[in-house]
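The values are calculated or read from the model by the stated rules, or taken from the named source; none is laboratory data. Just so you know, these numbers come straight off a predicted model, no measurement behind them. A quick note on method: Cβ atoms are made from the backbone with ideal geometry, for glycine too, and the neighbour counts reach across all protein chains shown. To get the accessible areas, we keep the full protein, side chains included, count just its heavy atoms, and leave off ligands, DNA and RNA. Shrake-Rupley method; radii C 1.70, N 1.55, O 1.52, S 1.80 Å.
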Amino acid sequence: MAPSLLVESSSSNENIAVPAVKPTNNTIHKPLPNPSLQVTADHNIKQVDAPVYAPGRGEVVLQIKATGICGSDIHFWKTGRIGSLIFEGDCIIGHEAAGVVLQCGEGVSNLKPGDRVAIEPGVPCGVCFLCRDGRYNLCEDVQFAGVYPYHGTMQRYKVHPARWLHKLPDNISFAEGALLEPLSVVMNGIRTAGLSLGRGVLVCGAGPIGLIALAAARASGAHPIVITDLEPSRLAFAKDFVPSCIPYQIDQSLDAEGNAKAIRALFGADSDEYFAPQTVLECTGVESSVCTAAYAARRGGTVVVIGVGKSIMNNLPFMHLSLAEIDLKFINRYRDTWPPAIACLSGGILDLKKLVTHTFPLERAVEALHLCSDPRNGSIKVLVVDDVEASL
């Protein structure tokens with residue numbers, strides 16, 4: 001007798017065990033190995049086989065071919081939370097991903113088996129006032145892959161709504177498809193910042209998001225661009241990645257105002273305030289860096305915080321921001337960014353392939369997470385890939 005299987009719809013968190021039945025388009029009838037990487041309720045990690053679900057109406061089953069490890073994955077593992085997002089049980093992590101369609105559920109007409117797709121990981125409710133207003137990234141009822149209780153992409157098989165999948169052209173690899181998610185974060189930040197052609201930009205942080213922001217700011221016509229970090233090796237990488245940038249290593253003996261003064265001098269603002277950076281893209285979320293960004297910005301300028309930081313920051317220079325009329329802005333993920341992000345990579349506007357410094361097979365995902373979590377290992381973007389020829 002065939003084993004029972006689990007069927008899950010994206011509109012429900014309930015797993016309903018059903019017996020194997022005569023094959024249809026919406027059922028999977030054989031046990032399949034589905035290695036997955038999970039963060040546990042007690043903030044450890046484990047690699048276990050997960051159930052393989054059948055697609056509901058409007059959904060497809062994917063084989064995840066590449067998933068990038070994000071700083072938020074590390075944060076959830078180490079601390080169990082980011083702000084109000086709390087891991088209260090075991091959950092498969094991962095949200096920067098691309099894959100191939102294996103099976104389509106009822107009502108799916110825009111995709112077919114074999115299609116290569118990038119995954120937009122957030123599935124909003126579609127009915128709240130924010131979704132109706134087109135600001136679906138702010139939906140409070142979003143089901144976001146890799147954030148408890150919604151399983152993410154660090155597994156072989158995943159069910160996902162077809163509405164939130166984007167076809168990849170032939171000249172974009174699965175690895176680049178996985179980079180579309182962090183690129184989308186940056187694109188939302190740049191849109192919020194409103195970069196101006198020929199105006200100076202400061203990028204705080206030379207991690208993956210900061211490096212993508214550096215490349216995107218350059219492609220947008222910003223000049224000059226200064227990028228900061230604590231690590232000389234990351235600044236050297238940034239200089240190789242975008243040769244026209246000006247690297248600045250944060251001096252830990254100085255306070256935020258001291259570092260900001262040195263940064264502003266690189267723009268020529270030591271002699272004329274006019275040349276201070278009009279826009280700052282803060283990509284670390286670290287409180288001291290946010291403060292440095294605030295002091296570095298030109299009077300009347302804009303600071304956009306892209307990085308994820310502490311729930312409460314106590315030392316922001318409120319009156320400096322007020323008296324200088326500096327706009328302190330924030331973003332939450334992205335909206336309507338995948339099509340233009342795909343166009344950027346496909347059209348050669350951006351080339352992000354160099355960011356991928358390490359690649360691990362899915363079976364070694366635990367090792368990949370450990371390597372990524374230690375800055376001494378020198379990784380920029382670590383990918384977990386699955387080259388197995390999977391089928392249903």
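Worth a mention:
- Long-range neighbours under 6 Å by Cβ, at least six apart or interchain, first residue modelled with pLDDT of 95 or more within region 185-201, second of a type in the set (D, E, K, R): Thr192/Lys329
- Residue count for region 309-328, restricted to those that are part of a loop (DSSP other than H, G, I, E, B) and surrounded by 10 or more Cβ atoms within 10 Å (Cβ to Cβ): 8
- Among (1) free of Cβ contacts under 8 Å to residues at least 24 places away in the same chain; (2) closer than 19 Å to Val186 by Cβ - the single one Gln249 does not satisfy: (2)
- Ile69 satisfies every condition listed in (1) in contact with a Lys or Arg (Cβ under 9 Å, 6 or more places away or on another chain); (2) open to solvent by 10 Å² or more (accessible area, probe 1.4 Å) except (2).
- Screening Gly134, Gly152, Gly126 for residues that are open to solvent by less than 10 Å² (accessible area, probe 1.4 Å) and either part of a loop (DSSP other than H, G, I, E, B) or among the polar types (S, T, N, Q) (or both) leaves exactly one candidate, Gly152.
- If the condition is being of a type outside the set (Gly, Ala, Ser) and closer than 26 Å to Lys239 by Cα, then region 370-392 contributes Leu371, Cys372, Asp374, Pro375, Arg376, Asn377, Ile380, Lys381, Val382, Leu383.
- Gly378 vs. criteria in contact (Cβ under 8 Å) with a residue 40 or more places away in the chain and surrounded by fewer than 14 Cβ atoms within 10 Å (Cβ to Cβ): yes
- Of everything listed in (1) of a type in the set (A, V, I, L, M); (2) within 16 Å of the chain's Cα centre (by Cα); (3) surrounded by 24 or more Cβ atoms within 10 Å (Cβ to Cβ), the single unmet condition for Val60 is (2).
- Residue within region 247-262 that is open to solvent by less than 60 Å² (accessible area, probe 1.4 Å), closer than 30 Å to Tyr136 by Cα and assigned to a strand (DSSP E or B) present: no
- Scanning region 329-354 for residues that are surrounded by 20 or more Cβ atoms within 10 Å (Cβ to Cβ) and either over 20 Å from Glu120 (Cβ atoms) or basic (Lys, Arg) (or both) gives a single hit, Arg335.
- Considering (1) touching a residue at least 60 places away in the same chain (Cβ under 8 Å); (2) in contact with a Leu (Cβ under 6 Å, 6 or more places away or on another chain), the lone condition that Pro51 does not fulfil carries the number (1).
- Some residue of region 251-258 being within 22 Å of Ser288 (Cα to Cα) and among the hydrophobic types (A, V, I, L, M, F, W, C): yes
- Flag for Ser244 being surrounded by fewer than 24 Cβ atoms within 10 Å (Cβ to Cβ) and at pLDDT 95 or above: yes
- Screening Cys104, Cys125, Cys131, Cys139 for residues that are in contact with a Leu (Cβ under 7 Å, 6 or more places away or on another chain) and free of Cβ contacts under 8 Å to residues at least 24 places away in the same chain leaves exactly one candidate, Cys139.
- Members of region 169-184 found to be surrounded by 23 or more Cβ atoms within 10 Å (Cβ to Cβ) and aliphatic (A, V, I, L, M), listed by number: Ala178, Leu179, Leu180, Leu183
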